[in-house]
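What follows is a set of notes on a single structure, which appears directly below.
The values are calculated or read from the model by the stated rules, or taken from the named source; none is laboratory data. Because the structure is a prediction, the values reported are computed rather than measured. Please note: Cβ atoms are built from the backbone with ideal geometry, for glycine as well, and neighbour counts cover all protein chains shown. In case anyone asks, the SASA skips ligands and DNA or RNA and just uses the protein heavy atoms, side chains included. Shrake-Rupley method; radii C 1.70, N 1.55, O 1.52, S 1.80 Å.
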Amino acid sequence: MLDDECQASGEFYASGAYYHQESLSSFRAGQKVEAELVPEPHNPADARAVALDVEGQRAAYLPATSAKIWHDVVRAWNAAGFAVYISAEINRWEGDDEGGRFGLTVPKWEWETLLDLAEAAGLRAAWEAAMADLTEEQRLLLREDGGYSPDGSVLEAMRKMRSKHPMFRWGATSDGDLSDRMPFWYGYFVREQMGEERERVRFARSVKSDLLWEFKAEIKRRREREREQARLQRQEQDERALRLQREGRRVSDIAAEVGLTPKQVENALSRARKAAGITARPNGDLQSDRRRDAAEAVGLKRSGMARAQIAKAMGRSADTVDELLKDGLFYEAPEGHPERLELARRCVGLRATGLRKAEVVEKLGVSRKQALRAFRDASFLETERCEERLGSAV
């Protein structure tokens, strides 16, 4: 289970879920599941396909660009006697089909995670064995274009020897020319060797076995020190961002001061609050910030600024500005947006019954994005109602 050992850097929608609705529909939207990565070397559409099975049923696939990288890694672990699983989440969105369509959200792993898995599975050793079967001239030709598009003669020689190196899977003829069909890890290890590790590898090959193991151990310790240093630097940066926010600074202002993007600042604040034992910012503060930002965006729009200009002025992305504009217009006159207002009122009613958030989302019967917007709108309506009651009492 990769989640027990590795850290994901995000998430994405798996491919091909459209063709496996029967399997996915047996689950509920938002349900957490475990998906097994299953290489399909004999897939007629993609010889390097990697399927995603949930409870033994085919549910989706990794995108082709990811499968090209993951295929050999998963097959190597399978050959060693391991099944590879990742956490996943069932999602649903509205479509032409009755009841909408189901999909599968899976983690996006950091590159270092994948490289560690490849190393542990023995792909580097297998690559070195494949390189040993080439002549010195062929190894030099393999370095052309940084290992991306080597000379055709060496690629053909490697392809003919593919049965000797079964850990690497070549693409099908339909994938393109030989450089497109070449196993990803052949090119990657060539490029790595041509980089900063080239001198270390040359030195390691010149020493005796005991020195080689000590050298590798030192490289590992250095990487651990670098990781720790990076972690401490990130922690200091996170704490600084949290201090600035507590001083009343906006995300865009913090981003400018610490040299990060607004999205990176939001991630830093989330990590800092978690480290400090702060589960979340008060909902009232978040609602107030959202209304303020939405009002600012609408004001800038009415002053004649385009969305791109507003995004630059506020330090936000164009997509975020688009959402802020929609929110701002709704907050000014909810009655002018009857469908959105009705959904917000439904959300208020469901929340009042004591249902959990996931249960409310399911009963709303809309996309996750629409449901999250409805939660914001419901908080706005509740705040407005509270302010009206206070005004009446005064």
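Listing for the model above:
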item	result
Filter result (in a strand (DSSP E or B) and of a type in the set (Phe, Trp, Tyr)) within region 44-78	61
So residue 9, is it modelled with pLDDT under 90, of a type in the set (Gly, Ala, Ser) and part of a strand (DSSP E or B)	yes
Where residue 114 falls short, out of the listed (1) free of Cβ contacts under 8 Å to residues at least 40 places away in the same chain; (2) closer than 30 Å to residue 193 by Cβ	(1)
Region 232-257 - residue that is closer than 17 Å to residue 316 by Cβ and outside any helix (DSSP H, G or I) and, of those, most open to solvent (accessible area, probe 1.4 Å)	249
Close pairs (8 angstrom Cβ cut-off, 6 or more residues apart or separate chains): in contact (Cβ under 8 Å) with a residue 24 or more places away in the chain in region 339-359, assigned to a helix (DSSP H, G or I) and open to solvent by 70 Å² or more (accessible area, probe 1.4 Å) anywhere	341/335; 343/370
Qualifying position, being open to solvent by less than 40 Å² (accessible area, probe 1.4 Å) and not aromatic (Phe, Trp, Tyr), among 118, 129	118
Residues being at pLDDT 65 or above and open to solvent by 100 Å² or more (accessible area, probe 1.4 Å) - total across region 189-201	1
Elements of type helices (runs of 4 or more DSSP H) in region 79-193, at least 2 residues being small (Gly, Ala, Ser)	111-121, 123-132, 152-160
Filtered residues of region 319-340 (kept if more than 14 Å from residue 375 (Cβ to Cβ) and among the hydrophobic types (A, V, I, L, M, F, W, C))	321, 324, 325, 329, 333
Scan of region 1-32 for residues that are free of Cβ contacts under 8 Å to residues at least 60 places away in the same chain and open to solvent by less than 70 Å² (accessible area, probe 1.4 Å), ordered by number	15, 16, 20, 23, 31
Residue list for region 134-164, filter: open to solvent by 60 Å² or more (accessible area, probe 1.4 Å) and of a type in the set (Asp, Glu)	136, 137, 144, 145
Flag if residue 87 is open to solvent by less than 50 Å² (accessible area, probe 1.4 Å), among the polar types (S, T, N, Q) and modelled with pLDDT of 90 or more	yes
In region 106-115, the residues that are at pLDDT 90 or above and open to solvent by 20 Å² or more (accessible area, probe 1.4 Å)	108, 115
Test: residue in region 363-380 that is touching a Phe, Trp or Tyr at 6+ places or on another chain (Cβ under 8 Å), buried (at least 18 other Cβ atoms within 10 Å of the Cβ) and in contact (Cβ under 8 Å) with a residue 60 or more places away in the chain	yes
Criterion violated by residue 204 - all others in (1) in contact with a helix residue (DSSP H, G or I) (Cβ under 6 Å, 6 or more places away or on another chain); (2) open to solvent by less than 50 Å² (accessible area, probe 1.4 Å); (3) at pLDDT 80 or above satisfied	(3)
